[in-house]
Amino acid sequence: MATTVSSTGSTTTASGIASRRSPAAWAFLLLRSAFTVAPILFGIDKFTNLLTDWTQYLAPWIDGVIPGDAQFAMWGIGIIEIAAGLLVAIAPRWGGLVVAAWLLGIIVNLLTLPGYFDVALRDVGLLAGALALALLAREHDGRARRD
């Protein structure tokens, strides 16, 4: 087990540091991890459709506005989701806001698509989590504290 000695001469073990983390710090770590991994995995799946046929979640009016077909749109969406997940990993304060905005767009899309109101409601909860991540990052991300 790693042990460090502070300038005052006291020693701290790695497990001692982890046990002293605040609940807010643990919440930040949990949200940062989830909002890094999930968008990246969902973004990759837009290319494979292993989890579902993602085109079913695209409202016809959006499909009519964007160039190409629905699958082509999902590939673009996949790239954006992968980038958003990477942004959360690198800069969670800004990444959380980008993911929240992205989720708001998804919610609008789903509310205009009959039969997916339950998924839209779930995404409202995810949007709240993304905003919480951005707020927590102000206190718990080293780069954000220097801004």
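What are the residues in region 126-147 that are farther than 17 Å from residue 38 by Cα and either assigned to a helix (DSSP H, G or I) or free of Cβ contacts under 8 Å to residues at least 12 places away in the same chain (or both), if any?
135, 136, 137, 138, 139, 140, 142, 143, 144, 145, 146
Looking at 94, 75, 54 in this structure, which one is modelled with pLDDT of 95 or more and under 18 Å from residue 34 (Cα atoms)?
Going through 94, 75, 54 in turn, just one is modelled with pLDDT of 95 or more and under 18 Å from residue 34 (Cα atoms): 94.
Is region 29-38 home to any residue that is touching a Phe, Trp or Tyr at 6+ places or on another chain (Cβ under 8 Å) and either assigned to a helix (DSSP H, G or I) or of a type in the set (Ser, Thr, Tyr) (or both)?
No, there is no match, as no residue in region 29-38 is touching a Phe, Trp or Tyr at 6+ places or on another chain (Cβ under 8 Å) and either assigned to a helix (DSSP H, G or I) or of a type in the set (Ser, Thr, Tyr) (or both).
Please verify whether residue 123 is at pLDDT below 95, surrounded by 13 or more Cβ atoms within 10 Å (Cβ to Cβ) and assigned to a helix (DSSP H, G or I), treating the condition exactly as stated.
no
Could you check, for region 56-64, whether at least one of its residues is closer than 30 Å to residue 141 by Cβ, among the aliphatic types (A, V, I, L, M) and surrounded by 13 or more Cβ atoms within 10 Å (Cβ to Cβ)?
no
Being free of Cβ contacts under 8 Å to residues at least 60 places away in the same chain and crowded, with 19+ Cβ neighbours inside 10 Å is the filter here, so list the residues in region 71-96 that pass it.
73, 74, 77, 78, 81, 84, 85, 87, 88, 93
The values are calculated or read from the model by the stated rules, or taken from the named source; none is laboratory data. Note that this is a predicted model, so its numbers are computed, not measured. A quick note on method: Cβ atoms are made from the backbone with ideal geometry, for glycine too, and the neighbour counts reach across all protein chains shown.
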